[in-house]
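Following: one structure in structure tokens, then a few remarks.
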């Protein structure tokens, strides 16, 4: 058994390629046979990935899902920020400048609207659950923006660890729900063209959620959604501990 | 050569990240502001411009297309390393906040998608309350 562990750990990224490849094959097989192509193979693969992440997190007690399982550590590198961003940028290859210009203004508005609306909703939920401290309300609202904005805001305005953890959890719920929910709701919200994809990316903002959600809906839309989504977290980190916190403080 | 395409892609990402990081510092924000988006704009510009033809056509292009095609498997790996366990342990508050934020944002997609199209009057935002 030692031999297996040595080889798997030493070649962890290569193992990850093989494992993910196998998962993709199974997912496309299931999509084809069980759902007759109604559910996209990549949607099933992403759902399997999330299930595996839950299992990995429970078994190992770590925070990086299946990547904390010794033999599958390479998943952490393959699915980490560096590879994700590299592949996202590559999807922009062949995008036409005219498509970007068409949705330019709507895209910019959607980023602001997305941050502010998610914040208001998150803050309102915090108030409904009985929070009256502006620091906690702001941090939880910021968590509903993304799971990065939550802790950045919380630490900047001095929220308690428990509240920061809650804000991360709220952001994770959002991210996972966008991954799973996007392909299901895409038709009803008109998410089938570059313009609406840019608005979608700006409104949702969670890069992981948008990246996976659009991949499972229509891979052609990915570059448009990803482009606006990457500005969202930055704007959230800018507004959260400043303007939004001041407004909440004035109200409570 | 394939690596020319890969190198172009890498340079775009590094430049975008540097600018995004610098924007973060300039705005006094602890985050990379749009680095990936800026990198994508560089690549869009390069692939639409004649100056970079040697790097974006023929074999060089396949160096970029490979990574574009690896996108979905990488996203699957990304899903597999999310902290799903923590999301489920956040309790009802985290669940409600996350779900409500997504519902309201979904509902706004068709509203904002109409901006810039001539045929629709400026939409009212009064229907967005109470979702989730």
Quote to one decimal, in nm, the extra length available between residue A:71 and residue A:129 on full extension: 0.36 nm per residue of separation minus the C-alpha distance between them.
16.8 nm
Pairwise FRET efficiency - residue B:92 versus residue B:62, Cβ, R0 = 51 Å, nearest 0.05:
0.55
Most exposed first, judged by fewest Cβ atoms within 10 angstrom, A:172, A:50 run A:50, A:172
Test of understanding: what is the full-extension gain from residue A:243 to residue A:35, defined as 0.36 nm times their sequence separation minus their Cα-Cα distance?
70.1 nm
Taking the alpha-carbon centre of each part, the distance from segment A:99-156 to segment A:1-60 in Å is 32 Å
In degrees rounded to 10, the 0-90 angle between helix A:222-239 Cα long axis and the longest Cα principal axis of chain A is 40 degrees
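Please rank A:176, A:105, B:74, fewest neighbouring Cβ atoms within 10 Å first, as an exposure proxy.
Numbers: A:176 27, A:105 11, B:74 24.
Ranking A:176, A:105, B:74 by Cβ neighbours within 10 Å, fewest first, gives A:105, B:74, A:176.
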For segment A:56-206, just say rounded, prolate or oblate: build the C-alpha gyration tensor, square-root its eigenvalues into a ≥ b ≥ c, call rounded for a/c under 1.5, and beyond that prolate if a/b exceeds b/c, oblate if not.
oblate
What is the spread of the Cα atoms of segment B:1-82 along each of their three principal axes, largest first, in whole Å?
42, 35, 17
Could you give the angle, 0 to 90 degrees to the nearest 10, between helix B:91-113's Cα long axis and the longest principal axis of the Cα atoms of chain B?
70 degrees
With no solvent and one equal point scatterer placed on each C-alpha of segment A:135-217, evaluate the Debye formula and give log10 I(q)/I(0) for q = 0.14, 0.22 Å⁻¹, two decimals.
-0.49, -0.87
Scattering profile of segment A:1-109 from the Debye formula, Cα beads only, expressed as log10 I(q)/I(0) at q = 0.14 Å⁻¹, is -0.75
Under 12 Å from a point 7 Å along the Cα-to-Cβ line of residue B:54: which residues of segment B:1-23 have their amide N that close?
B:1, B:4
Relative to chain A, whose Cα atoms define the longest principal axis, helix A:134-145 and its Cα axis are tilted in degrees, nearest 10, by 40 degrees
Could you check the simple spin-label distance between residue B:7 and residue A:14, using points 7 Å along Cα→Cβ, in nm with one decimal?
2.6 nm
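Send over the Kirkwood Rh of the protein assembly as shown, from the inverse of the averaged 1/r over different Cα pairs, rounded to one decimal Å. Write down the numbers at each step before the final one.
Working: mean 1/r = 0.0476 Å⁻¹.
Roughly 21.0 Å, rounded to one decimal.
State, as an integer percentage, the relative contact order of segment A:91-168 based on alpha-carbon contacts under 8 Å between residues 6 or more apart. Please list the in-between numbers first.
Values: 85 pairs, mean separation 18.3, N = 78.
The value is 23 percent.
Between residue A:162 and residue A:55, what length comes free when the chain is fully extended (0.36 nm per residue of separation minus the Cα-Cα distance, one decimal in nm)? List each step's numbers first, then the result.
Values: separation 107, 0.36 × 107 = 38.52 nm, distance 2.37 nm.
Extra length from residue A:162 to residue A:55 when fully extended: 36.1 nm.
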Picking from A:131, A:232, A:147, which is most flexible by a Gaussian network model of chain A using Cα springs under 10 Å?
A:131
Honestly segment A:80-124 on the Cα gyration tensor test (a ≥ b ≥ c root eigenvalues; a/c under 1.5 rounded, otherwise a/b vs b/c for prolate or oblate) is just oblate
Once you put a point 7 Å from the Cα of residue A:109 and another 7 Å from the Cα of residue A:97, both along the Cβ direction, what distance in nm separates them?
2.5 nm
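Where a number appears in this text, it was derived from the coordinates with a stated rule and is not lab data. All figures in this text were calculated on a predicted structure; none of them were measured in a lab. Don't worry about glycine lacking a Cβ; one is built from the backbone with ideal geometry, like all the others, and counts go over all protein chains shown.
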